[in-house]
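Engineer: Submitted below is the structure of interest, expressed as structure tokens.
Values quoted throughout were computed directly from the atomic coordinates according to the rules given, and no laboratory measurement underlies them. Just so you know, these numbers come straight off a predicted model, no measurement behind them. Because the Cβ atoms are built from the backbone with ideal geometry, glycine has one as well, and the counts that use them run over all protein chains shown.
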Amino acid sequence: MQRWHEAAGRAALAAAVALATTAWADMHGSDVTHERIRDADKRPGDWLTYHGTYKGWHYSGVDQINSKNVGKLRVAWVHAMPRSVRGLQSMPLAANGILYYSGSYNQVFALDGATGEVIWYYRQKLNEDLVSKQTHSPYNRGIALGLGHVYMGTLDGKLVAIDMKTGRLVWETKLIDSERLTVGFTGAPLFVKDKVIIGSQGGEWPYRGPIFGVDARTGQEVWKFYTVGGNDGTQSDARNTWGNDTWLTGGGGGWMAGGYDADNDTVWWGTGNPAPLYDWSGPEWMTAGARPGTNLYTTSVIGLDPDSGELKAYHQELPHDAWDYDSAVGEFLMLERRGKKYIVHPNKSGFVFVYDRKGKVQNVWRLVKNINFVQDIKTDGTLVGRRDLTEGEHKNLCPFIAGGISWNAGSYNPKSGLYYKVGNEWCMDLTVKRTQPILEPMAQLNIGADFSLVNPQGEKAHGRVAAHDPLTGAKKWEVRFPEPPLASLLSTAGNLVFVPDARGILRALDASSGRELWKHNNGQGHNGGIISYLGKDKKQYVAVATGWGGLAGDDYANFFGPPFNTFPRDSGVLMVFALP
Amino acid sequence: MRPLALAAVLAALGAAPATTRAAEPGQPGVAAKPARDPAQIFATTCGWCHHKGGREAGKGPQLMGTPLSDGEIVQRIRKGKQGFMPGYEGAFSEEELAGLVRYIRSLRPR
């Protein structure tokens, strides 16, 4: 009996420890696993990945705040991020009522989602001299959660894991020689299975734009995929699509978190543009100019095996992108209609691509009106009437370099069946010039043109939020804005679409009609994320990043004037709303 | 007279002579390479923010007709301005910096 008692006691103790551990883990959300994210629909009060869930909808299934009561929405609490140079551009995450969010200079806070009380604060030790030399810096656009860690890419080329409970550094791994390449990481990682996947900045930077797969527990680099030319000596090797060995300085990269198709175990990532952005080759681009050839796998969507990084499928949305209309937008909406599964991915050019789950194009539709770099893109993805540029002056190229679609995310609402997305109507004049990549002692931007932002012919530059069928592009409603709103959108099960606009007004629209139901002035522009979640008090909150700056917003002060020329450039505040 | 004025400013700032290329970290005195054409440097790196080749404001200010002195221009290129412009310390040689100042001074409406 004594033995039985000892055994029972040990078992009871073990159970108590397990229960306490579970409770502790549950309290901090440190039990976020691949399975929990895959089954995120079961716990709609969380927001576990940059795109909400693996489905990439930027949608909250919580409906306490709805079209009937949203008029009563009030500020619940606010939190100011220190050193918010170029505003707050990140997407907060929420697990078990705790809110995690990042800011400039790789700072991270964990806050009580109901009160805003600080649980911990993490500040990455950075190479500040390097950061001061970066153009795409010092902002951070998001983090990932998994296996008890908060994962973040750093400005100086590291991936770090922070303990979700304590805010202490667990491991850090240097992935990029940022001291030589100048760029590092600004985009959010994606946690899948037991890997953390993160893409480097690329585009105008002369390198090969790798995407990394890192062991989520140890920080060890497991695989690397070069978005410029693929991996040497493998089936993905496509260096022969870059004439004159220009793959060495090709650009590419994948600077926004991609998506994950759990049904087919495939990570989907959008890649950056080739460098230089503008090529002087004109129609002879297959054999002449700065980078002869199609330039795989830039301006493409690529499907990778999360375990090995092996290329499973791809589609190059713009072969030989000569306009910087890349595919780096990280949204991959995983949809299903009438038994068929789809992926929807918006391209910077203003076209939206619809794929099957193997990456075969099913449809292409226009979100934006002012597009003239091609006459059209056929529904099978074929470009028609390319406007390839030669050396010298060109007028009225549309859209502007900041894109008909910018990097922030739209939202798909399964209840309305509509996809809410910002479209930008603006154009540019440019003079294409022959350039050589600058590699020493530190790599520099390689643009290849002088340019300026101009109004589209016959109208003023503007933006709009529109509701479309995500597969056909059929438009149900749209709301016009005097300047393109740059921030992400949020839709909810309460039949609401939240639109944080450039002037600093947060609006709630009726998801069915676009009718404005509520608004609040946050006092400075929006250029980051917005989420909804349940606090520990089981109450619904809406959190939105505020603060102005960034590569698109920096043009507003000069072009649009007030209020943008009065906004601070070093302020970042998280505004959180709830019903009384 | 502008290049001479710039040379004096560079000397006062303790800059390396124009015949020496900007040093790489830990490698002082790297042998000179031909200076890159300033208009090309501008279209490669600077035009992202200073629109129309510097003739118009964009993310950054218009450079054509800037009231800054040559020395102030060089210092701004080297050190940048937090939140507005990165620093290019070491990225360009003294000769190239002088070329960029000449380029900015030569800008005319187009």
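Engineer: Rank A:Ala161, A:Leu93, A:Val384 by how far each Cα sits towards the positive end of the charge dipole of chain A (+1 on Lys, Arg Cβ; -1 on Asp, Glu Cβ) and give me just the farthest.
Structural biologist: A:Leu93
Engineer: In whole Hz and in residue order, list the ³J(HN,Hα) couplings for the range A:398-409 that follow from phi through the Karplus curve 6.51 cos²θ - 1.76 cosθ + 1.60, θ = phi - 60°; x for Gly and Pro.
Structural biologist: 10, x, 4, 4, 6, x, x, 10, 8, 6, 5, 9
Engineer: Okay, moving on. B:Arg110 label point, 7 Å along Cα→Cβ, cut-off 11 Å on backbone N: hits in the range A:391-430?
Structural biologist: Those under the cut-off are A:392-394, A:430.
Engineer: In whole Å, what are the extents of the protein assembly as shown along the principal axes defined by its C-alpha atoms, from largest to smallest?
Structural biologist: 98, 59, 52
Engineer: Here's another thing I want to ask about it. Enter the Cα centre distance for the pair the range A:92-118 and the range A:294-350, rounded to the nearest angstrom.
Structural biologist: Taking the Cα centre of the range A:294-350 as reference, the centre of the range A:92-118 is 31 Å away.
Engineer: Right, something else. What ³J(HN,Hα) values, in whole Hz, does the Karplus curve 6.51 cos²θ - 1.76 cosθ + 1.60 give for the range A:283-290 when θ = phi - 60°, with x put for Gly and Pro?
Structural biologist: Values per residue, Gly and Pro as x: x, 8, 5, 6, 10, 9, x, 6 Hz.
Engineer: Something else about it: Looking only at GluC sites (Glu not before Pro) in DSSP loops with at most 11 other Cβ atoms within 10 Å, what is the longest site-free stretch of chain A? Don't skip to the end; give the middle numbers.
Structural biologist: Working: sites that count: A:Glu117, A:Glu459.
Result, exposed sites excluded: A:118-458.
Engineer: Still on this model: Determine, from the Cβ-Cβ distance of A:Lys72 and A:Arg43 and an R0 of 25 Å, the FRET efficiency 1/(1 + (r/R0)^6), rounded to the nearest 0.05.
Structural biologist: Working: r = 26 Å, r/R0 = 1.03.
Efficiency for this residue pair is about 0.45.
Engineer: Suppose every Lys and Arg Cβ carries +1 and every Asp and Glu Cβ carries -1, with no other charges. What dipole size does the range A:31-578 come out with about its Cα centre, to the nearest 20 debye? Walk me through the intermediate numbers first.
Structural biologist: Details: 58 positive and 57 negative charges, 344 e Å.
With Lys and Arg at +1 and Asp and Glu at -1, about 1660 debye.
Engineer: Just how many % of Cα pairs in the range A:258-360 lie over 24 Å apart, if you round to the nearest whole percent? Before the final figure, lay out each step's value.
Structural biologist: Numbers: 1407 of 5253 pairs.
Beyond 24 Å sits 27 percent of the P(r) for the range A:258-360.
Engineer: While we're on this one: Give me A:Val465, A:Val361 ranked fewest to most by other Cβ atoms within 10 Å of their Cβ, as a rough exposure proxy. Intermediate values should be presented prior to the final figure.
Structural biologist: Numbers: A:Val465 24, A:Val361 18.
Fewest to most other Cβ atoms nearby, the residues stand as A:Val361, A:Val465.
Engineer: Related question: Mind jotting down the distance between the C-alpha centroids of the range A:370-443 and the range B:39-95, whole Å?
Structural biologist: 25 Å
Engineer: While we're on this one: Which of the trypsin sites (Lys or Arg not before Pro) across the range A:477-563 are loop residues per DSSP, with 14 or fewer other Cβ within 10 Å?
Structural biologist: A:Arg515, A:Lys536, A:Lys538
Engineer: OK, next. Using R₀ = 41 Å, calculate the FRET efficiency as 1/(1 + (r/R₀)^6) where r is the Cβ-Cβ separation of A:Glu117 and B:Lys81; round to 0.05. Don't skip to the end; give the middle numbers.
Structural biologist: On the way: r = 36 Å, r/R0 = 0.87.
That pair, A:Glu117 with B:Lys81, gives E of 0.70.
Engineer: Below 8 Å between Cα atoms, with a sequence gap of 6+, how large is the relative contact order for the range A:29-132 in percent? Show your work: numbers first, answer last.
Structural biologist: Details: 126 pairs, mean separation 20.3, N = 104.
For the range A:29-132, the relative contact order is 20 percent.
Engineer: So, one more: In degrees between 0 and 90, to the nearest 10, how far off the longest principal axis of chain A does helix A:2-28 point, with axes built from Cα atoms?
Structural biologist: 40 degrees
Engineer: Have a look at A:Pro138, A:His79, A:Tyr556 and report the one farthest towards the positive end of the charge dipole of the range A:31-578, computed about the Cα centre with Cβ charges (Lys/Arg +1, Asp/Glu -1).
Structural biologist: A:His79
Engineer: Have a look at A:His34, A:Thr299, A:Gln64 and report the one farthest towards the positive end of the charge dipole of the protein assembly as shown, computed about the Cα centre with Cβ charges (Lys/Arg +1, Asp/Glu -1).
Structural biologist: A:Gln64
Engineer: Do any trypsin sites (Lys or Arg not before Pro) in the range A:372-470 lie in a DSSP loop with no more than 12 other beta carbon atoms within 10 Å, and if so, which?
Structural biologist: The qualifying sites are A:Lys378, A:Lys460.
Engineer: I've got another one for you. Among all the lysines, which ones have a C-alpha under 26 Å from B:Lys81's C-alpha, if same-chain residues fewer than 8 places away are not counted?
Structural biologist: The reachable lysines, counting only those whose Cα sits under 26 Å from B:Lys81, are A:Lys125, A:Lys133, A:Lys158, B:Lys52, B:Lys59.
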